Amino acid sequence: MDQTSEQEKKLFSYQDKIDKQYKIFAKNDFALKLTFFNSMKLILKERDEFITDLNNNGIDFWERVCQNCQLLNDLLPDDSEISFIESLKCFYEENYTCGVEIILKKNEYLYNRKLSKKFNLLENDSEGTELKTKKETNCLLFDFFKDNDNDLEVFDILFEIYTNAAQYFFIK
C-alpha cells in the first residue's frame with residue numbers, strides 16, 4: 001500500500017472517532033435543550049396567547065420584533081421592507097425531533113400562509129411544507145423550508161428569536 005492510502009486510511013479512522021464522539025455530544029446537547037424547552041412550555045403558551053391578543057388589538061408584535069432583530073432580518077428576503085410573519089413557534093420533542101411553525105401574512109413571495117418543518121437530528125429526516133412560490137427571491141428562511149435537510153443553524157436562530165421575542169420587541 002502506498003503512503004497516500006495509509007495516510008487517508010488513518011485520517012478516515014480519526015474522523016470516524018470524532019463523528020462517534022460528536023453523536024454522543026449531539027444527543028446530550030439535545031437532551032438539555034429538550035429539558036429547557038419542556039420547562040418553558042407553559043410560559044411560552046401563555047406568552048403566545050398574549051401576543052395573539054396584542055395582534056388582535058392592533059399591535060403587530062412580530063413586525064416590531066423583525067424591525068428590532070437583525071438575526072430575523074437576515075433570514076428574510078433581501079428585498080423585503082417589512083415583516084410578513086404573523087406568528088412563530090418552535091419546539092423540541094422526544095426522539096431527537098424539533099420543528100418550526102410560522103404563520104405568514106399575505107405577501108408577494110408565497111401563496112402559503114403556514115410554513116412548518118419537523119426534523120430528526122440523528123436520522124437526517126425531515127417533513128414539512130412544500131412552498132408555493134409567487135416570486136423567486138433570495139431568502140434563507142424559505143431555503144430552510146425548501147431543503148430536505150435539517151438545517152440546525154437556522155433552527156437555532158429561530159428558536160432564539162422565538163424564546164426571546166419579548167426582548168427583541170422592546171429594543172429601541
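The values are calculated or read from the model by the stated rules, or taken from the named source; none is laboratory data. Worth saying up front: this structure is predicted, and the values here are computed from it rather than measured. Counting neighbours? That spans all protein chains shown, and the Cβs are built from the backbone with ideal geometry, glycine included.
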Sole exception among (1) surrounded by 15 or more Cβ atoms within 10 Å (Cβ to Cβ); (2) closer than 28 Å to Asp125 by Cβ for Thr35, by number: (1)
Listing of helices (runs of 4 or more DSSP H) fully contained in the stretch 110-172 that carry 3 or more residues being at pLDDT below 95: 140-146, 152-163
One residue from Tyr92, Tyr111 being touching a residue at least 40 places away in the same chain (Cβ under 8 Å) and of a type in the set (Ser, Thr, Tyr): Tyr92
Matching residues, the stretch 97-115, being farther than 30 Å from Thr35 by Cβ and either crowded, with 17+ Cβ neighbours inside 10 Å or among the basic types (Lys, Arg) (or both): Leu104, Lys105, Lys106, Asn107, Tyr109, Leu110, Asn112, Arg113
Pick from the stretch 43-63, criterion under 15 Å from Tyr162 (Cβ atoms) and within 20 Å of the chain's Cα centre (by Cα), ranking: surrounded by the most Cβ atoms within 10 Å (Cβ to Cβ): Trp62
In the stretch 87-96, residue nearest to Phe169 (Cα to Cα) [restricted to those that are surrounded by fewer than 20 Cβ atoms within 10 Å (Cβ to Cβ) and more than 10 Å from the chain's Cα centre (by Cα)]: Ser87
Qualifying residue in the stretch 30-39 (condition: closer than 15 Å to Phe169 by Cα, modelled with pLDDT of 95 or more and among the β-branched types (Val, Ile, Thr)): no
